[in-house]
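Asker: One structure is given below, represented as structure tokens, and several questions about it will come after.
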Amino acid sequence: MESPFLWTVCQVGAEPALKREIAREHPELKFAYSRPGFVTFKAPTALAPDFELHSVFARAYGISIGKTRDPGEIAKYAATLPAHLTHVFERDQYFPGDEPPDFVRGRWAEPARAALLGPTSHPASQPSLVRGSAAVRPTDGDLVLDVIAVEPQEWWFGLHTHSDSRSADPGGRPEIPMPAEAPSRAYIKLEEALRRTGAPLTAGQVAVEIGSAPGGASFALLERGLTVIGIDPGEMAPAVLRHPRFKHIALPVARVARETLPERVDWLLLDMNVAPSVSLFSVDRLAHRLLGERGGLQGLLLTVKLNEWQLADEIPAMLEHVRAIGFREAYATQLAHQRQEILIYATSAVAPPLSSRARTSRAHRSRG
Ligand SMILES: C[S@@+](CC[C@H](N)C(=O)[O-])C[C@H]1O[C@@H](n2cnc3c(N)ncnc32)[C@H](O)[C@@H]1O
């Protein structure tokens with residue numbers, strides 16, 4: 001099946017940045033329709049479900065093939081399609097973190113889910129439905145039917161072919177439980193980043209995290225068995241501070257001498273609430289030594305705050321800067337749990353090459 005229409009889902013507030021990005025990277029795609037967190041485009045010719053979009057802000061996308069206001073139609077329509085898997089989800093309704101206390105994610109999607117699977121008391125616990133396949137998560141080449149609740153009683157049908165350039169989670173939103181002891185929601189952001197990028201962090205490696213307080217990300221790294229050096233003048237949570245594999249350097253990063261870091265660092269992480277140019281300057285200063293032959297740095301996980309959405313236009317230049325520092329490959333994406341920020345993931349020559357996820361895009365990727 002083909003369609004000239006393309007649906008995308010993104011963070012609430014990111015729609016203008018997404019539209020500008022698509023105008024730049026895919027000038028043939030014309031904006032068609034939008035709701036908060038949901039934007040469609042029209043192509044001059046029909047697109048197949050395996051169409052690859054070059055986008056930082058579209059968390060998930062596919063061809064748009066119809067819509068209904070009648071939940072009774074959903075199962076009937078789904079039965080006519082050769083999809084391996086169905087993803088049922090709703091568009092974002094609030095800026096991440098601004099959801100009201102009574103908000104339950106999955107309420108809008110629930111009638112569609114019930115039509116396909118039967119009712120459940122835990123809407124969010126079954127985001128991914130399986131039909132005609134043993135796999136719960138799509139694997140390369142699987143055709144996925146997307147049933148997207150765009151309004152409380154309006155469901156859009158989409159199709160996409162899964163590949164490793166895409167998130168395997170419905171609507172690009174993984175469900176990541178937050179452990180009670182994790183000091184901040186940065187725990188979830190880092191876990192999502194690792195899941196999305198496939199960054200090969202393993203026990204026994206050493207990570208330096210710049211902007212580590214209060215310690216959600218450090219907590220995730222320690223849980224995974226890494227040794228962590230956290231740089232932040234702010235206070236670290238006791239659960240992190242007392243961990244035998246954690247060392248706190250309680251200084252602004254500009255006052256940390258390169259030679260005080262260990263000889264060998266495998267991963268550099270940065271999550272400072274400062275302008276992108278300041279973050280990139282800090283990476284530039286520290287990564288230089290860590291990337292050397294003795295340093296053996298494998299990669300960078302850099303959170304870039306887009307304090308103004310206009311900064312989104314500079315993402316290609318930021319990726320060029322990261323590559324100029326000495327990283328081999330770099331790409332950018334916006335995660336479901338990030339606020340007005342993006343993730344830049346870069347790997348060095350000593351890391352395994354990035355998957356084809358990063359290889360497809362001119363927009364969010366840069367290679368030396
Ligand atoms: C978003 S918070 C980091 C959250 C943290 N990654 C976590 O996992 O909980 C941003 C942090 O950047 C730190 N920061 C800001 N400027 C800094 C600088 N010049 N050097 C080091 N840390 C800085 C702040 O103190 C703040 O703790």
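The values are calculated or read from the model by the stated rules, or taken from the named source; none is laboratory data. In this text the structure is predicted, and so the values were computed from the model without any measurement. When we count neighbours, we look across all protein chains shown, and the Cβ atoms used for this are built from the backbone with ideal geometry, even at glycine.
Asker: Test Ala213 against the criterion of being away from the ligand (no atom under 13 Å from the Cβ) and either under 24 Å from Pro138 (Cβ atoms) or assigned to a loop (DSSP other than H, G, I, E, B) (or both), and give yes or no. Steps first, please.
Answerer: Values: away from the ligand (no atom under 13 Å from the Cβ): no; either under 24 Å from Pro138 (Cβ atoms) or assigned to a loop (DSSP other than H, G, I, E, B) (or both): yes.
Criteria not met by Ala213.
Asker: Hey, does the stretch 198-214 have a residue that's of a type outside the set (A, V, I, L, M, F, W, C) and within 30 Å of Val147 (Cβ to Cβ)?
Answerer: Quick first cut of the stretch 198-214, residues of a type outside the set (A, V, I, L, M, F, W, C) only: 198, 200, 202, 204-205, 209, 211-212, 214.
Now drop any that are not within 30 Å of Val147 (Cβ to Cβ), which leaves 198.
Within the stretch 198-214, one or more residues are of a type outside the set (A, V, I, L, M, F, W, C) and within 30 Å of Val147 (Cβ to Cβ).
Asker: In a loop (DSSP other than H, G, I, E, B), within 11 Å of the ligand (Cβ to nearest atom) and within 20 Å of the chain's Cα centre (by Cα): which single residue out of Ser165, Ser184 fits that description? Steps first, answer last, please.
Answerer: Numbers: Ser165 fails: within 11 Å of the ligand (Cβ to nearest atom).
Among Ser165, Ser184, only Ser184 is in a loop (DSSP other than H, G, I, E, B), within 11 Å of the ligand (Cβ to nearest atom) and within 20 Å of the chain's Cα centre (by Cα).
Asker: Somewhere in the stretch 344-364, is a residue under 19 Å from Gly13 (Cβ atoms) and at pLDDT 95 or above?
Answerer: No, the stretch 344-364 has no match at all.
Asker: Hey, can you tell me all the residues within the stretch 253-283 that are within 13 Å of the ligand (Cβ to nearest atom), farther than 27 Å from Ala312 by Cβ and surrounded by 13 or more Cβ atoms within 10 Å (Cβ to Cβ)?
Answerer: Val256
Asker: Let me ask something else. Could you list, in sequence order, all residues of the stretch 284-303 that are within 13 Å of the ligand (Cβ to nearest atom) and modelled with pLDDT of 95 or more? Full working, then the answer.
Answerer: Quick first cut of the stretch 284-303, residues within 13 Å of the ligand (Cβ to nearest atom) only: 285-286, 301-303.
Once the filter is applied, which keeps residues that are within 13 Å of the ligand (Cβ to nearest atom) and modelled with pLDDT of 95 or more, the stretch 284-303 yields Leu301, Leu302, Thr303.
Asker: Let me ask you something else. For the stretch 191-210: of the residues being part of a strand (DSSP E or B) and more than 11 Å from the ligand (Cβ to nearest atom), which is surrounded by the most Cβ atoms within 10 Å (Cβ to Cβ)?
Answerer: Of all residues in the stretch 191-210, those part of a strand (DSSP E or B) come to 206-210.
Still in the running and more than 11 Å from the ligand (Cβ to nearest atom): 206-208.
On the way: Val206: 20, Ala207: 24, Val208: 26.
By that ranking, first place goes to Val208.
Asker: Enumerate the pairs (first residue in the stretch 174-194 and within 19 Å of Gln334 (Cβ to Cβ) and modelled with pLDDT of 95 or more; second residue anywhere and of a type in the set (Ser, Thr, Tyr) and part of a loop (DSSP other than H, G, I, E, B)) with beta-carbon separation below 8 Å, excluding pairs fewer than 6 apart on the same chain, so at least 6 apart or on different chains.
Answerer: No pair meets every condition.
Asker: Give me a count of the residues in the stretch 225-243 that are crowded, with 17+ Cβ neighbours inside 10 Å and either charged (D, E, K, R) or farther than 19 Å from Lys189 by Cβ (or both). Walk me through it before giving the result.
Answerer: The initial filter retains those residues of the stretch 225-243 that are crowded, with 17+ Cβ neighbours inside 10 Å, namely 226-232, 236-237, 239-241, 243.
Narrowing the set further to residues that are either charged (D, E, K, R) or farther than 19 Å from Lys189 by Cβ (or both) leaves 227, 229, 232, 241, 243.
Residues that pass the stated criteria total 5.
Asker: Something else about it: Among (1) within 13 Å of Leu290 (Cβ to Cβ); (2) away from the ligand (no atom under 14 Å from the Cβ); (3) more than 25 Å from the chain's Cα centre (by Cα), there is one condition Arg245 misses while meeting the rest; what is its number?
Answerer: Evaluating Arg245 over (1) within 13 Å of Leu290 (Cβ to Cβ); (2) away from the ligand (no atom under 14 Å from the Cβ); (3) more than 25 Å from the chain's Cα centre (by Cα) leaves (1) as the failure.
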